[in-house]
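Structure first, then comments.
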């Protein structure tokens, strides 16, 4: 099955040429040397740009219409606050009093380039180290709330994603009844999981704390890309560090929490949310792909999206999550 038709006025980055990227940096006094390397990013456009003087910078050009200026600046303020507290995050640079300049209609931010490798999450010392730094991020994140960024919950990640996919008629007709049934069950159980967790605290999170957003050096991890930062439960930044069978995840969770609780107490009730959050992420990801299908980068990078096989796999995936959400939550040994 082909993707549902869309009729955008123009692709969101149609005018963002290499010359525009270089000129944008020149406009804020960062004279470039013509070297430009596109980095792996789909939501925004991110480039490594060489300077005439000084090391290369990383330039992020924000997707038009996704976040308000206030929401972006709020995330920038949080990451700069973390950096000032000597927590290893890559924060945006200030230029002429702002971290969010504009050029030819595009908003962008500049970051120092930081290297590193993928972390080895199968190592106890790595997981404890990650836990310590996430605990520090959360201890600071809990001091004040976001006011312009959304909250991670069943409504925003699950219900709204389902409604977007149904309204856009993205599902094949023969699979629609099965998908509607399974996603309905999944969202109902996710809501039950949130109810079982009770009155948990929310705080400013990284929001997308997977291995691709952590770079490791001999000095330890540093965290990049807070673009999905929002309010939510602390466990959102922990569960993506876990993988493998249940026994492996229990062991990994114990290692992470051993480091985390050096800096912040973890509320064990939030463990009821792990599989619910995983479920919401799966539903949200399908809607994210559909929402971005007018961007030519997405059909090129995700050619399997919206095929018959794709939706069959999502139905099976959600059935597995329904079973997992009915099990006892993970408890560290």
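Read the figures in this text as sums done on the coordinates, not as results from a lab. None of these values were measured; they are calculated from a predicted model.
Computed over the chain, the per-residue total of -39500 (n - 2.57) for DSSP H runs of n ≥ 4 gives a 222 nm mean residue ellipticity of -12500 deg cm²/dmol, rounded to 500. Summarising the strand pairing of the chain, around 90 percent of its internal DSSP beta bridges are antiparallel. For the stretch 112-259, evaluate the Debye formula with one uniform point scatterer on each Cα (no solvent term) and list log10 I(q)/I(0) at q = 0.12 Å⁻¹, rounded to two decimals. Ignoring solvent entirely, the Cα scatterers give -0.64. Taking the chain as a Gaussian network of alpha-carbon nodes connected by springs under 10 Å, the highest mean-square fluctuation of the residues 77, 300, 94 belongs to 300.
Averaging sequence separations of C-alpha pairs under 8 Å and six or more residues apart, then dividing by the length of the chain, give the relative contact order as a whole percent. The value is 21 percent.
Taking the centroid of alpha carbons for each part, the stretch 178-241 and the stretch 101-172 are 8 Å apart.
With a 10 Å cut-off between alpha carbons and a GNM built on the chain, which of 110, 253, 37 moves the most? Fluctuation is largest for 37.
Under the rule a/c < 1.5 gives rounded, and otherwise a/b versus b/c splits prolate from oblate, where does the chain land using the Cα gyration tensor? Judged from the Cα gyration tensor, the chain comes out oblate (a/c at least 1.5, b/c at or above a/b).
Working note: Debye formula, equal point scatterers on the alpha-carbon atoms of the stretch 18-112, no solvent; log10 I(q)/I(0) at q = 0.12, 0.20 Å⁻¹ is -0.36, -1.03.
Quick one: check the C-alpha center-to-center distance for the stretch 63-95 versus the stretch 298-333, whole angstrom. Going from one Cα centre to the other spans 31 Å.
For the stretch 1-97, the relative contact order works out to 16 percent when only alpha carbon pairs closer than 8 Å and six or more residues apart are counted.
Of all the options 228, 262, 199, the one that moves most in a Gaussian network model of the chain with Cα springs shorter than 10 angstrom is 199.
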